[in-house]
Amino acid sequence: MKVALLGGTGRMGRAIARQLSRDNEVVIGSRDPARASEAARLIHGAAGASYLGASEAAEIAVFVVPYKALGGAAELAAALTGKVVVSAVNPLRLEAGRLQYGLEEGSAAEELAGMLPGSRVATAFNHVSSLFFEKDEPVAMDILVAAEARETFEVVGRLVKSIPNLRPLYAGPLSQARVIERMTPLVLSLSKLNNTGSLTTKFVSVRDKGQA
Ligand SMILES: NC(=O)c1ccc[n+]([C@@H]2O[C@H](COP(=O)([O-])OP(=O)(O)OC[C@H]3O[C@@H](n4cnc5c(N)ncnc54)[C@H](OP(=O)(O)O)[C@@H]3O)[C@@H](O)[C@H]2O)c1
């Protein structure tokens, strides 16, 4: 797939772009196309572009910008029409020395969907630290994906599976982004309070007799 990393010059964007570049054609989107090209130079087969250029070129786009920059997505609505768009964005704020979830209600992914009425918006990768993607091969983990339609999840799931050791799990409609995004401050606290290093999710399962 041809995938745009919008904000791909940042820490998370570069890390995911490198992993995705094994099996996908990556376009790094930046406010400064020269910065995008510089970042792309370090990623196999990648190209750099403006946000608009990357959005136009891609079949699927991943937003890895700070929440405060998400409003700029509205200008990309036409270029992203008919495409799957993934939000990895967490609205976080620092309060009393701790990163807290920054919204009273809703989620960044739902706000993004409101700005991109012609796109199929999903959320994924939110609570996984970039550190996991900076390793040559990430550890085995589950990536929670929320999207209105299961078909959108299937597309995002293929992208997730193009990174070794990742299992996409469908979390249900986009409103589940409210839960998934709020997991980020929880995971950060768990890691800090228990001195574990960065944590990620891996669910274990058991089946009862007769369960398919
Ligand atoms: N870092 C992680 O471990 C991690 C994990 C999961 C999710 N996330 C989420 O991913 C998003 C990016 O995080 P990050 O750590 O990669 O941040 P970052 O290193 O600061 O990079 C963000 C990128 O966004 C772009 N950007 C566009 N508008 C901006 C603005 N007004 N101010 C600052 N940057 C702007 C910048 O690229 P240009 O200037 O080139 O356009 C910048 O390189 C956040 O929403 C975060 O919650 C991060």
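Bear in mind these aren't lab numbers, they're just calculated from the coordinates by the rules spelled out. These figures come from a predicted structure and were not determined experimentally. Because the Cβ atoms are built from the backbone with ideal geometry, glycine has one as well, and the counts that use them run over all protein chains shown.
Among 51, 101, a tally of other beta-carbon atoms within 10 Å of each Cβ gives an order, fewest to most, of 101, 51. What net charge is computed for the residues neighbouring residue 98, neighbours being all others with C-beta under 15 Å from the C-beta of residue 98, Lys and Arg scored +1, Asp and Glu -1? Once positives and negatives cancel, what remains is +2. For residue 171, nonlocal amide neighbours, meaning residues 5 or more places apart or on other chains whose placed amide H falls under 5 Å from its own, are 145, 146, 147. A crude spin-label estimate for the pair residue 212 and residue 198, with each label 7 Å from Cα along the Cβ direction, gives 3.7 nm.
The H on the amide N of residue 199, modeled in the peptide plane, is under 5 Å from the matching H of no residue at least 5 residues off or on a different chain. Computed from backbone phi, the HN-Hα couplings of region 165-176 come to 6, 9, 10, x, 10, 6, 9, x, x, 4, 4, 5 Hz, rounded to whole numbers (Karplus: 6.51 cos²θ - 1.76 cosθ + 1.60, θ = phi - 60°; Gly and Pro given as x). If you plug the beta carbon distance of residue 68 and residue 44 into 1/(1 + (r/R0)^6) with R0 = 45 Å, you get a FRET efficiency near 0.90.
Residue by residue, region 7-13 carries 3J(HN,Hα) couplings of x, x, 8, x, 5, 5, x Hz when phi is fed to the Karplus relation 6.51 cos²θ - 1.76 cosθ + 1.60 (θ = phi - 60°); x denotes Gly or Pro.
Which net charge results for the neighbourhood of residue 89, defined as the other residues with beta-carbon distances under 15 angstrom from its beta-carbon, given Lys and Arg at +1 and Asp and Glu at -1?
+2
Under the rule that an exposed site lies in a DSSP loop and has at most 15 other Cβ atoms within 10 Å, name the longest stretch of the chain with no trypsin sites (Lys or Arg not before Pro) of that kind, not counting the sites themselves. Please report the intermediate quantities before stating the final value.
Working: sites that count: 22, 31, 135, 202, 207, 209.
Segment 32-134 is the longest.
Tally Lys and Arg at +1 and Asp and Glu at -1 over the other residues with C-beta under 15 Å from the C-beta of residue 71: what net charge comes out?
Once positives and negatives cancel, what remains is -1.
Under the criterion of Cα pairs below 8 Å and six or more residues apart, the relative contact order for region 2-193 equals 18 percent.
Cα to Cα, under 19 Å, and not fewer than 8 places away if on the same chain: which lysines meet these conditions relative to residue 2? Output for residue 2: 83, 161.
For the options 80, 166, 103, a Gaussian network treatment of the chain with springs between C-alpha atoms closer than 10 Å singles out 103 as fluctuating the most. Think of each Lys and Arg Cβ as +1 and each Asp and Glu Cβ as -1; about the Cα centre, that makes the dipole of the chain roughly 520 debye.
Take every DSSP beta bridge with both residues inside region 17-102 and express the antiparallel ones as a percent of the total, to the nearest 5. Let's see the in-between values first.
Values: 4 of 12 bridges.
About 35 percent, rounded to the nearest 5.
Summarising the amide proton neighbourhood of residue 2: residues at separation of 5 or more, or on other chains, whose placed amide H is nearer than 5 Å comprise 25, 59, 60.
Classify the chain from the C-alpha gyration tensor, please: rounded if a/c falls under 1.5, else prolate or oblate depending on whether a/b exceeds b/c. It comes out rounded by the Cα gyration axes. Backbone geometry of region 33-50 corresponds, through the Karplus equation with coefficients 6.51, -1.76 and 1.60 at θ = phi - 60°, to 3J(HN,Hα) couplings of x, 5, 5, 5, 5, 4, 5, 5, 4, 8, 10, 3, x, 7, 10, x, 7, 6 Hz, x marking Gly and Pro.
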